[in-house]
Amino acid sequence: MKYQRTDTGRQGMTAEQVLRCAILKQYRELTYEELAFHLEDSLAFRSFARLGMGQYPCGSTLQENIIAISAETWEAVNRALLEQAAQKKVEKGRAVRLDSTVVETHIHHPT
C-alpha cells in the first residue's frame, strides 16, 4: 500500500459517495468521463451522490474509487437491498431478470 499524506491535498470521497456514483454510472450506462460531466453539470446527480458544492471528482478519480469496490462489497449491498425489499414487500428476491439482447458485429477471429 502506498503512503498517503493526510495533511495535504483534497479530501477524498466517502464510501457512500463512491457507491452512489457507481450506482449512477451503472444505471445510466455512463463512462467515467460522462459521469464526471454529469456530476459537475447536474444538481440532481450531485445531490444523489451526496457531493458538496465545489466537489467535482474527475473521471480518473471516479474510476480509481469505483473499481476499488470489491465483489464482496457488491454482494453485501445486494443482500441488504433484497432484505429491505422483502421487508417492504416490494420484491421476494427469488427471480433474476436480465437482458440478453444479441447484437450482430463484424468481429473477425484473430489470425
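Values quoted throughout were computed directly from the atomic coordinates according to the rules given, and no laboratory measurement underlies them. Just so it is clear, the model here is predicted, and its values are computed rather than measured. Reconstructed Cβ throughout: ideal geometry from the backbone, glycine too, with neighbour counts over all protein chains shown.
In segment 15-68, one over the average inverse separation of all distinct C-alpha pairs is 10.6 Å, which is the Kirkwood hydrodynamic radius. Over segment 15-68, Cα pairs under 8 Å with separation of 6+ residues give a relative contact order of 46 percent.
Calculated on the alpha-carbon coordinates, the convex hull of the chain measures out at 215 cubic angstrom per residue. When the GluC sites (Glu not before Pro) in segment 10-99 are filtered for DSSP coil states and for at most 16 other beta-carbon atoms within 10 Å of their beta-carbon, the remaining sites are GLU29, GLU91. In the chain the longest region clear of trypsin sites (Lys or Arg not before Pro) that are loop-assigned by DSSP and have at most 10 other C-beta atoms within 10 Å covers 11-87. Residues HIS106, HIS38 in ascending order of nearby Cβ atoms (within 10 Å, fewest first): HIS106, HIS38. Bridging of LYS92 to aspartates and glutamates at a Cα separation below 18 Å is possible for GLU75, GLU83, once same-chain residues fewer than 8 apart are set aside. Here the contact order of the chain, divided by its residue count and restricted to Cα pairs under 8 Å and six or more residues apart, works out to 21 percent. Residues considered: THR101, THR14, THR31. Largest GNM mean-square fluctuation over the chain, using C-alpha springs under 10 Å, is found at THR101.
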